[in-house]
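Read through the structure below, which is laid out as structure tokens, and then see the notes.
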Amino acid sequence: MQTQLHCLCVLILYLTTGYGQEGRFSGPLKPMTFSIFEGQESSQIIFQFKANPPAVNFKLTGETDDIFQIQPDGLLYHNRALDRETRAVHQLQVAALDAHGATVEGPVPIIIEVKDINDNRPVFLQPKYEGSVRQNSRPGKPFMYVNATDLDDPSTPNGQLFYQIVIQLPKVNNVMYFQINNKTGAISLTREGSLELDPVKNPSYNLVVSVKDMGGQNENSFSVSTSVDIIVKENIWKAPEPLEIVENSTDPHPIKVTQVRWNELDAQYSLVEKEKLPRFPFSINQEGDIYVTQPLDREEKDSYTFYAVAKDEHGKPLALPLQIHVKVKDINDNPPTCPSSLTVFEVQENERIGSNIGTLTAHDMDEENSVNSILVYKIAEQTPRFPEEGLFLVQTYSGIFQLAKHSLRKQDTPKYHLVVNVSDKDFTTHCHVQINVIDINDQIPIFEKSDYGNLTLSEDTAVGSVILTIQATDADEPNTGSSKILYRITEGDSEGCLGIETDPQTNAGYVMVKKPLDFETAALHNIVLHAENPEPLVPGVKYNASSFATFTLTITDVNEAPQFTQHVFQAQVSEDVAIDTKVGNVTAKDPEGLDISYSLRGNKRSWLKIDPVTGEIFTMAPLDREAESLYRVQVVATEVAPD
Ligand SMILES: *[C@@H]1O[C@H](CO)[C@@H](O)[C@H](O)[C@H]1NC(C)=O
Ligand SMILES: *[C@@H]1O[C@H](CO)[C@@H](O)[C@H](O)[C@H]1NC(C)=O
Ligand SMILES: *[C@@H]1O[C@H](CO)[C@@H](O)[C@H](O)[C@H]1NC(C)=O
């Protein structure tokens, strides 16, 4: 105690010389606050209180912890090192007493704040940590925490902790799959970890995580480490297998058809259409169960593709959406339909048994090439049944009609009506067929003349122009395939420039230009025309020369103007170029291949000249940009007539 007092005296001396009587370290009794570092040498002076008469003595009370003391002369000091972690703030009171021990001043509050030094090491709360992470978890999303504490003041660097992954085992190709938040100790996947972790390849990892105090930024920080075992779990966020849903279901809807599951429980699910549909008959609930909400119709739409999305509570997608594919399975819910309310075929008198009369093609909307759409044909009724029943037959699967028994005669019946049953697996539709018996095609079309003479057309005759009217006649029954005439060009028009249309009333044929004529390709055409019937001729009758006619077509050349290779030629020259500098070259070509002579027009300042043969353009006077910054002339190309 003696030596301590001696020490205090020395200090006072230093202070009084430095700060005077009423300085930082001495003064009258009043409420005061002091900050003192913990862990310092013992017996440090704090303050010297000055007594005012009649005070002669001081008394210290409060949270002294037997550390703080005051001398009768008012010298406040502590006799041992402070420890912030034991008590960070000491609330003391000091009173001044008179000679009788009665309080004459105070007590006044004296607060001692103990300032922190880094005298505590961080400690992990657990000796070892275990956690698990899903394959493909979002990078940066914490899946576990390590946590350490440090008794030092968290408001100073001494208590600020810094986490780090020191070792990752195994570490393939030196890639870190895990990262730690250096402040919070939250462990998450890196981007590589999110992509590459695979429980099949490697089901578990071990990390060594260290924590340092002093924010990790001081070489005097304390550091401790812990071990973290991580299990990698399979990602269950996977697209379900493609589905098949039977159309036109009569079961009560909605019906659960499949499900998706996010790896954790907290996801919010939704469906997104791939294409905008008039109706979208699927829904998902918050368990990830997917429902079809109404009966599907394959004939309306035979498959659906959409996405299931999982989002977190902030509406942020947790992972890539999953694609869900639904195929709508056909049931036979559509009857066959007839091609029209009445299908008409023609059959000639005397046509032979087995002749093909025509094909009835009915349709079924159910899935093509399935039992639901394969149709069978059967004649149910023939009216009249004269001269007998079963005159016609239909091939069961193709719908081809044939003459079954014998040739028909128009005077027996000019037309028959058939009811044809067209059936799929479950439905039968009645289609109606009328068969007209027509006169035999024993007359050939005869041209009114065999030669239509010479026709001269210029090559620019417009496409669509009628250039010639031709006429043949046929003595077979009017308005049947035996008397109708189709005209065809059999020779002289290999380019297909001409076409012929027939007037169904008069059988007149109109020869028309279908494609531009071209003198340069061929100037003279010997055209051969042929008139035919759509129905075949009866055996023994043949088309002869009377069904053919000719004409000669001469195409005259139109002298076409030369054509420039470009409409605008541009050149840039500096105004100070020498006279006779070449500034450009224009070229034109004549379709007839004649030579061309070039000249200039609108050369108002006479700055340019052109070589009439080559089309090269030269300057012929000094140019002046200030007079004309853009000089425009026309070039004329003229055909040179051959001598
Ligand atoms: C600690 O982490 C933050 C991001 O969380 C980062 O910006 C900072 O650089 C890290 N500090 C050190 C020393 O690595
Ligand atoms: C569903 O099937 C029934 C008969 O099986 C049919 O009448 C109905 O038209 C069908 N609905 C659709 C939308 O195809
Ligand atoms: C072609 O045959 C018809 C009879 O079908 C006949 O009148 C005509 O003279 C024949 N023409 C020629 C050129 O033989």
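The values are calculated or read from the model by the stated rules, or taken from the named source; none is laboratory data. On a predicted model such as this, the values are computed, not experimentally measured, just so you know. Methodologically, a virtual Cβ is constructed for each residue, glycine included, from the backbone with ideal geometry; neighbour enumeration extends over all protein chains shown. What goes into the accessible areas is simple: the full protein's heavy atoms, side chains included, and nothing from ligands, DNA or RNA. Shrake-Rupley method; radii C 1.70, N 1.55, O 1.52, S 1.80 Å.
A helix-only calculation puts the chain at -1000 deg cm²/dmol for mean residue ellipticity at 222 nm, using -39500 (n - 2.57) for each DSSP H run of at least four residues, averaged over all residues.
Under 17 Å from a label point set 7 Å out along the Cα-to-Cβ vector of D302, the amide N atoms of the stretch 236-254 belong to 243-248. Just the Cα atoms of the chain, one point each, no solvent: what log10 I(q)/I(0) does Debye give at q = 0.07, 0.08, 0.12 Å⁻¹? Calculated log10 I(q)/I(0) at the listed q: -0.91, -0.97, -1.20.
Compute the angle between helix 2-19 and the longest alpha-carbon principal axis of the chain, please, reported from 0 to 90 degrees and rounded to the nearest 10. In the chain, helix 2-19 runs at an angle near 70 degrees to the longest axis. Accessible surface area normalised per residue over the chain is 55 Å², counting heavy atoms of protein chains with a 1.4 Å rolling probe. Sorting K316, K378 by accessible area puts them as K378, K316; the probe is 1.4 Å, largest comes first, and only protein heavy atoms count.
For a straight C-alpha distance cut-off of 28 angstrom, the lysines reachable from K582 (same-chain residues fewer than eight places away being disregarded) are K604, K609. With a ≥ b ≥ c taken as the square roots of the eigenvalues of the C-alpha gyration tensor of the stretch 343-438, please select rounded if a/c is under 1.5 and otherwise prolate if a/b is larger than b/c or oblate if it is not? The shape class here is prolate. Segment Q93..I255, full-extension length gain: 50.4 nm, with 0.36 nm per residue of separation and the alpha-carbon distance subtracted. Of the trypsin sites (Lys or Arg not before Pro) found in the stretch 531-603, the ones in coil according to DSSP and having at most 16 other Cβ atoms within 10 Å of their Cβ are K542.
Sorting the segments 115-121, 216-222, 635-641, 440-446 by their mean number of nearby beta carbons within 10 angstrom, highest to lowest, gives 440-446, 115-121, 635-641, 216-222. With the simple spin-label model, which puts each label point 7 Å out from Cα in the Cβ direction, the T86 to Q563 separation comes to 10.9 nm.
Using C-alpha pairs below 8 Å separated by at least 6 residues, the relative contact order for the chain is 6 percent. Here the translational diffusion coefficient of the stretch 223-283 follows from Stokes-Einstein with Rh set to the Kirkwood radius across Cα pairs; for 10 °C and 1.306 mPa s it amounts to 98 µm²/s.
If you take all C-alpha pairs in the stretch 200-347, what percent of them are over 20 Å apart? Intermediate results must be reported in sequence, preceding the final value.
Values: 7171 of 10878 pairs.
Within the stretch 200-347, distances greater than 20 Å cover 66 percent of Cα pairs.
I want to make sure I understand the PRE zone here: with the label point 7 angstrom from the Cα of I236 toward its beta carbon, which residues in the stretch 130-145 have backbone N atoms less than 16 Å away? Flagged as within label range: 132-137. Over the C-alpha atoms of the stretch 243-329, the Rg to Rh ratio, Rh being the Kirkwood estimate, stands at 0.99.
Each of D576, D366 has its accessible area taken with a 1.4 Å probe; listed largest first, they run D576, D366.
The solvent-accessible area of K128, taken with every protein chain present and a 1.4 Å probe, is close to 90 Å². Comparing S483, S221, I446 along the charge dipole axis of the chain, the residue lying farthest to the positive side is S221, per the Cβ-charge model. Leaving ligands, DNA and RNA out of it, report the carbon-plus-sulfur percent of the accessible area of the stretch 563-640 at a 1.4 Å probe. Carbon plus sulfur share of accessible area: 49 percent. Each Lys and Arg contributes +1 and each Asp and Glu -1, all at the Cβ; summed about the Cα centre of the chain, the dipole is approximately 2660 debye.
Length available on full extension from Y145 to L594: 0.36 nm per residue minus the Cα-Cα distance, which gives 152.5 nm.
Residues D83, D424, sorted by accessible area with the largest first, give D83, D424 [1.4 Å probe; ligands and nucleic acids excluded].
Note down the magnitude of the dipole of the stretch 145-262 about its Cα centre, charges +1 on Lys and Arg C-beta and -1 on Asp and Glu C-beta and zero elsewhere, to the nearest 20 debye.
Dipole about the Cα centre, nearest 20: 120 debye.
Taking every alpha-carbon pair under 8 Å whose residues sit at least 6 apart, the stretch 343-438 reaches a relative contact order of 38 percent.
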